[in-house]
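Laboratory data are not the source of any read-out in this text; all were calculated from the coordinates shown. In this text the structure is predicted, and so the values were computed from the model without any measurement. With ideal geometry, Cβ positions are generated from the backbone for all residues, glycine too; neighbour counts draw on all protein chains shown.
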Amino acid sequence: MQIYLPIAEVSVNAFLLLGLGGIVGVLSGMFGVGGGFLMTPLLFFIGIPPAVAVATEANQIVASSFSGVLAHLKRQTVDLRMGGVLLVGGLVGAAVGVEVFTLLREMGQVDLLVKLCYVVFLGLIGGLMFIESLRAIRRSRAPGMTKVIRKQRTWIHALPFKMKFRTSGLYISVIPPLVVGVLVGILAAIMGVGGGFIMVPAMIYILGMPTKVVVGTSLFQIIFVTAFTTLLHATTNYTVDMILAVLLLIGGVIGAQIGARIGVKLKAEQLRILLAIMVLAVCGKLALDLLLTPAEIYSIGTGGHG
């Protein structure tokens, strides 16, 4: 069933889009990531222009994250205060990111930049998560090894403007969460991602939050930042394709509920290593696409010879 997407100016199979939305929704519920870092490259692969994929995907993340957050709120695994601090940073970052995106679009460089950002970020994050997950699995198997102690004092504890985050059991400065929020906001605008793949590791390793509240808190912040990003893209760049968004959304909402149930059954280390492998696979495919010469180097213009 082919349908025409007016903003993207391409025809695609409706069931393919529903399926992609569903797969990414499952991942969103399992890992606490918006799923954009996988969905946006998948949209590139089926022929959606990067500028449209980025803006529309931000829209779809809102729905799948909202669906995931509801499941986490029931379990009381959302630190609303921490989410609020991350959100302030995220909104500032999103505004900056959309400005940069608009500038690059006017210069005609946005497609290349988006793809390069993906290769760099997915490679870095995937690699680091993979190494860390392997270590965590080894630690859990080694007899007599105690659990990692997270409470050691680091440079973060020396920073001013401290605040109590009861759900996470933390008393830290608001500066690191604000900085993490700003970075994630910029990425949401330029790459069409919720930023969960950066936020989740940052919340665990930099802020020292317990893993069980990280997923829900990350999704809570992602909802508002991506909604704000979508609004800015729709009003400044006109790159949000509503038909594409609705199809991805339906698949995503159903998938997120399934994912949240699967996520409960798996250990944290297993979840992290699965996510790392997926991130690296998508990174590899994108890098190959950038390096290999396209089938049609010149796609526009017939070039009449006089």
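Things to note:
- What the phi angles of the range 210-220 give under the Karplus curve with 6.51, -1.76 and 1.60, with θ = phi - 60°, is a coupling list of x, 4, 5, 9, 5, 4, x, 5, 4, 5, 4 Hz, glycine and proline written as x.
- Rel. contact order, % - alpha carbon contacts under 8 angstrom, at least six apart, the range 1-135: 19 percent
- Checking the Cα-Cα distances for LYS164/LYS267; LYS115/LYS164; LYS74/LYS115; LYS162/LYS212; LYS74/LYS267 against a 31 Å cut-off, the pairs over it are LYS115/LYS164; LYS74/LYS115.
- Label point distance in nm, GLU9-THR236, each placed 7 Å from Cα along Cα→Cβ: 2.2 nm
- For the range 178-186, putting each phi into the Karplus relation 6.51 cos²θ - 1.76 cosθ + 1.60 with θ = phi - 60° gives couplings of 5, 5, 4, x, 4, 4, 5, x, 4 Hz, in residue order, rounded to whole numbers and with x for Gly and Pro.
- Note on ARG138 and LEU266: with the Förster distance fixed at 22 Å, the Cβ-Cβ geometry gives a FRET efficiency of about 0.80.
- Residues whose amide H lies under 5 Å from that of VAL10, counting only those 5 or more places away or on a different chain, are LEU5; hydrogens are built 1.01 Å from N in the peptide plane.
- Once the Cα-Cα distance is subtracted from the 0.36 nm per residue extended length, the VAL96 to GLN76 segment shows a gain of 4.0 nm.
- Amide H contacts of LEU170: PHE165, each under 5 Å away and 5 or more positions distant or on a separate chain (H built 1.01 Å from N in the peptide plane; Pro and chain starts excluded).
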